[in-house]
Amino acid sequence: MKPFLLIVMQTALLLLLAPLLSGLMKKWKARLQNRRGPRLWQPYFDLLKFLRKDMVISEHASWIFSVTPYVLFLTAVSAGLMVPMVTAHAPLSLFGGALGVVGLMALGRFFLALGGLDPASAFGGMGSSREMTLSAIAEPAMMLAIFTVAITAGSTNLSQIVLASQGPGWKFLDPSHALAFAAMFIVLLAETGRIPVDNPATHLELTMIHEAMLLEYSGRYLALLEWGASVKQLVLMTLVANIFFPVGLAANTTPASIGFGLIYFVAKLTGIAGAVVLVETTNAKLRLFRVPDLLSTAFILATLALVSTFLFR
Amino acid sequence: MNAPPATLLVASLGGYVLGAVAGVSFLRREKLANVCSFGAASLSALSGLLAGLIFLADGSGTPSLRSELLPALNPYIRFTVRLDPLGAFFLLIISLLAFALSAYSLGYVKGFFGRKNVGVLGAFFNALLLATTLVFVADNIWLFLIAWEIMALTAYCLVSFEHEHAEARDAGVLYFIMSHIDAGCIILGFLLLFQASGDYSFDSLHGLGAKLSPGKRDAAFVLFLVGFGIKAGIVPLHIWLPAAHPVAPSNVSALLSGAIIKTGIYGLTRVLFDFLGTPPLWWGVAVLAVGTLSAVLGVLYALMEHDLKRLLAYHSIENIGIILMGLGAALMFLHSGHPVLATLALIAGLYHTINHATFKGLLFLGAGAVLQATHTRNMEEMGGLIKRMPQTAFFFLIGAVAISALPPLNGFVSEWLTYQALLQGFGTTESLWRLVFPLSGAMLALTGALAAACFVKAFGITFLAQPRSEHAAQAHEVAPAMRLGMAVLTAACVLLGLFPTVLVRLMDPLTQQLTGQQLSTQLSLADGLVLTSLTEKTGTISTLGIVLMLVCLLPIPLALWLVLARGTKTRIGPTWDCGLRGLTPQMEYTATGFSKPIRMIFKALFQPRRDVQREYDFSPYFAKKLRFESHVEEVFVQRMYRPLRILILRVSRRVRALQAGSIHAYLLYIFVTLLLLLLFAL
């Protein structure tokens, strides 16, 4: 019964915490820009509102359009169940480690891009094209950064990576991990659609990427997509937080250690969210064809990370 | 000889012969020719499939099975076939594909009725299957080379089957030339081996590398890499592939891309792992580097295509690259003395080989169905087909997800194994070469993500949104036999994705033969539901688990709607058109537009040429007429093959002077040659 409970707990945490994280980041960003900003709970109200709304579906759309919200949402949550959040043992880490997480997110993205093309709108196609391009450029940097950590831990299983970090011989943020973290942070900005890569607040058709694919969605499909996107953001941030700063994860399932794990987890998450918000406020959005430069910087950082595992041995 | 697999194998070979004969005898009765030749092909394929399956399922204890097809002409030239684990594995691949293709052909070929001679197509199709099967089971160099040549010639005839198009003729000639260069290299390579063994049978070549001098061994390696590499379509020897595969009839394209290029992989595996012995380091590095280069460039050029079948042909280059990454890593591990890891990498490469046969075959069949329904290969004239051809669209989508290496289908599993082999390779050596593994892993990630981008484009532009032409608007679902063929391969993609440990178990005899290891127990966990990379610690994946997880989570959104969204209505409405009077297909995103960002980012490689002509009255922003042309030429054609062609033409113009038609000059040549030979003999 224990593992089942863990699965339920982590699913609940993923689903409930994700909108809060989005709300928190919006709030902080507004504060840094001297605005008051929406309430912290606003994303929950948005989701409830969307769920209760009628839907309009494009006459050109096919079943792909209707399947996409499910696929995006379910892959994001499943990926989340493979990542250690509060406990060092992720409930379903046996089903796939880092590569499984990346693969599931890619599956969600694949369908989202198809969903963007389906209603025959040029904006959707534009969004799909850009999303697939940028994610393709970001992928090698992300993989290389993950590889660097996986090689030191001798495993691609995320729970094993976290456990290895608590053993001997693991130096906290040694040069290679610091460089890999820098690379991964840039990738995080790109994958979650943050400034300077994409602007989550924009509705200006010609600059948007993620939003352009959602343009034709409404009602409960939109709710599912927004929710899925915020879960994906939470999963990626958790991944970064827990493989680069693997402190305070609950080693067993006693209430006390889980409680401490939760406190650590929230602290790490707010730290990374704060960093993302700082970057977003202090930078302007890059021109689309400048983004590959940023992402190749990430790739070079990740390569250096790998080389330094070799040099500083 | 009396074992069932050997009987089934001979039956399968005989069936192909009958199919070919049937095709030739019913030249004037096309319906009969269709049923007889493709019916025979599908039955023979089924028999071959069973032969391979039974042989591999029997485990590693069974000895190789031999049978004599024809009486030997002399002690050297024997027509003996042998079923050994490696051959059986490739027999399984081609027979699985051939079964689906033959079923598909029964419907597809009807499109040729009254237009082309179906009997000829059926005869060549059977002959090609026969020759390819023989390549995989040949027991000696002679039979191998004869089958290899028949395969090249029949494939040439099938590529130029629609010879009334200049494109098909040109592609056929290019294919003909390239396949003879490869045959030449392979013959030279085998001659080197024969020098050391003194016998033509494959048994005598086993582990021969130890007997060869290092120089000869390296020479043999290079010759085989070039020879089999041309057949497999590695960069930069690939230029025939995107020319030849698209112009053939689609059932043949699927066979060419799915199985015929795998003869190159078979040859390399046979020679490198069976014949040439423990490899030096640079072999592995070379194969890994060639694989990485082929994978990345193949997918990048695929992205630039808007011809659906050419796009798929370029993806074959990409996938051959991924297979070679596995084989190259395996060679490097053999060099550093890690047979277990080498086996893992070999399994990854060969798993991808069977996967590529299934999903590429499926995609080419889908493309063939689309081609038959819309009469065009140009994606810019398609669109909206998912509503007109729902089943074909579904099959194509499965193929697209599989080839993009997305979970839970088969492409993901084999790429996962490749990643694991590469990652664990980092620890096998202390030298700087260890960096090669994660870097090629990163390139594999780039390849996978670009492939996903390419198949969003291929599926999205072809099947989704509004039809972009009259042909696409009037498309209909294809014949049931064609859908059956696609369904078989779809099922194969799904099963190979969900139950990887079953195939790994079938590969036990094969790895036992090549590296002396069996990994199936090590690689499977929880009754085979979870695939591991050697141990539970290093990494695990369960595609079936992922599917179960997705299904178990499905009630969450459904329950929310039951509670919250009850009573909401769904309305069908027009897509937002910015206040214009409705969207037209012209306003949709195009395939060329979709890949524009990639073209811009990699413009140093593509060097795109564009030509834009605008006509306007008062301001360039309000064009009355616009003509846009964009063209990407392969850098290898531009920098390598064109100068080479010019050079060859120039040299041959000079050499022509020798053959001036004067009998005196010819007599002089003969005399000089004789003199030289005599001198040489001294």
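Of all the residues in region B:209-218, those that are surrounded by 16 or more Cβ atoms within 10 Å (Cβ to Cβ) and more than 29 Å from the chain's Cα centre (by Cα) number 1.
Among residues of region B:367-386 that are in the same structural domain as B:Leu303 (by TED's automatic domain parsing) and within 22 Å of B:Gly258 (Cα to Cα), those with a beta-carbon under 7 Å from a residue that is aliphatic (A, V, I, L, M) and outside any helix (DSSP H, G or I) at least six positions away or on a different chain give the pairs B:Ala369/B:Met389; B:Ala369/B:Val478; B:Val370/B:Met382; B:Gln372/B:Val478. Selection of region B:503-562 for residues being of a type in the set (Val, Ile, Thr) and either more than 14 Å from chain A (Cβ to nearest Cβ) or under 29 Å from the mean Cα position of the chain (by Cα) (or both) yields B:Val504, B:Thr511, B:Thr515, B:Thr521, B:Val530, B:Thr532, B:Thr540, B:Ile541, B:Thr543, B:Ile546, B:Val547. Of the helices (runs of 4 or more DSSP H) lying entirely inside region A:41-156, the ones with 1 or more residues being more than 9 Å from every other protein chain (Cβ to nearest Cβ) and closer than 27 Å to B:Ala453 by Cα are found at A:63-81, A:98-117, A:122-153.
Six or more apart or on different chains, Cβ under 8 Å: which pairs go from a residue in region B:571-592 that's more than 17 Å from B:Thr462 (Cβ to Cβ) and at the interface with another protein chain (Cβ under 10 Å from one of its Cβ atoms) to one that's part of a loop (DSSP other than H, G, I, E, B) and β-branched (Val, Ile, Thr)? Could you list them? The qualifying pairs are B:Leu583/B:Thr575.
B:Phe636: in contact with a Pro (Cβ under 9 Å, 6 or more places away or on another chain) and surrounded by 10 or more Cβ atoms within 10 Å (Cβ to Cβ), yes or no? For B:Phe636, the condition - in contact with a Pro (Cβ under 9 Å, 6 or more places away or on another chain) and surrounded by 10 or more Cβ atoms within 10 Å (Cβ to Cβ) - is met.
Counting only helices (runs of 4 or more DSSP H) wholly contained in region B:588-664, the ones carrying 2 or more residues that are touching an Asp or Glu at 6+ places or on another chain (Cβ under 8 Å) occupy B:591-594. Restricting region B:524-573 to residues that are among the small types (Gly, Ala, Ser) and out of contact with any helix residue (DSSP H, G or I) (no Cβ under 7 Å at 6 or more places or on another chain), the residue that is farthest from A:Thr11 (Cα to Cα) is B:Gly573.
If you filter region B:353-375 down to residues that are surrounded by fewer than 24 Cβ atoms within 10 Å (Cβ to Cβ) and over 23 Å from the mean Cα position of the chain (by Cα), you find that the one that is farthest from the other protein chains (Cβ to nearest Cβ) is B:His375. Note on region A:107-124: residues that are more than 13 Å from A:Ala61 (Cα to Cα) and without any contact (Cβ under 8 Å) to a residue 60 or more places away in the chain amount to 5. Within region A:273-313, restricting attention to residues that are touching a Pro at 6+ places or on another chain (Cβ under 9 Å) and not in a helix (DSSP H, G or I), the residue that is surrounded by the fewest Cβ atoms within 10 Å (Cβ to Cβ) is A:Ala284. Given the structure, is B:Ser42 under 25 Å from B:Gly19 (Cβ atoms) and within 23 Å of the chain's Cα centre (by Cα)? Yes.
Residue-wise test of (1) within 17 Å of B:Leu510 (Cα to Cα); (2) buried (at least 18 other Cβ atoms within 10 Å of the Cβ); (3) modelled with pLDDT of 90 or more.
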| position | (1), (2), (3) |
| --- | --- |
| B:Pro5 | yes, yes, no |
| B:Ser12 | no, yes, yes |
| B:Ala22 | no, yes, yes |
| B:Phe26 | no, yes, yes |
| B:Lys31 | no, no, yes |
| B:Ala40 | no, yes, yes |
| B:Ser44 | no, yes, yes |
| B:Leu101 | no, yes, yes |
| B:Tyr108 | no, yes, yes |
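Across region B:588-606, the qualifying residues are those that are touching a Lys or Arg at 6+ places or on another chain (Cβ under 9 Å) and not hydroxyl-bearing (Ser, Thr, Tyr), and the one among them that is surrounded by the fewest Cβ atoms within 10 Å (Cβ to Cβ) is B:Phe606.
The values are calculated or read from the model by the stated rules, or taken from the named source; none is laboratory data. From a predicted model like this one, the values you see are computed outputs, not experimental measurements. Methodologically, a virtual Cβ is constructed for each residue, glycine included, from the backbone with ideal geometry; neighbour enumeration extends over all protein chains shown.
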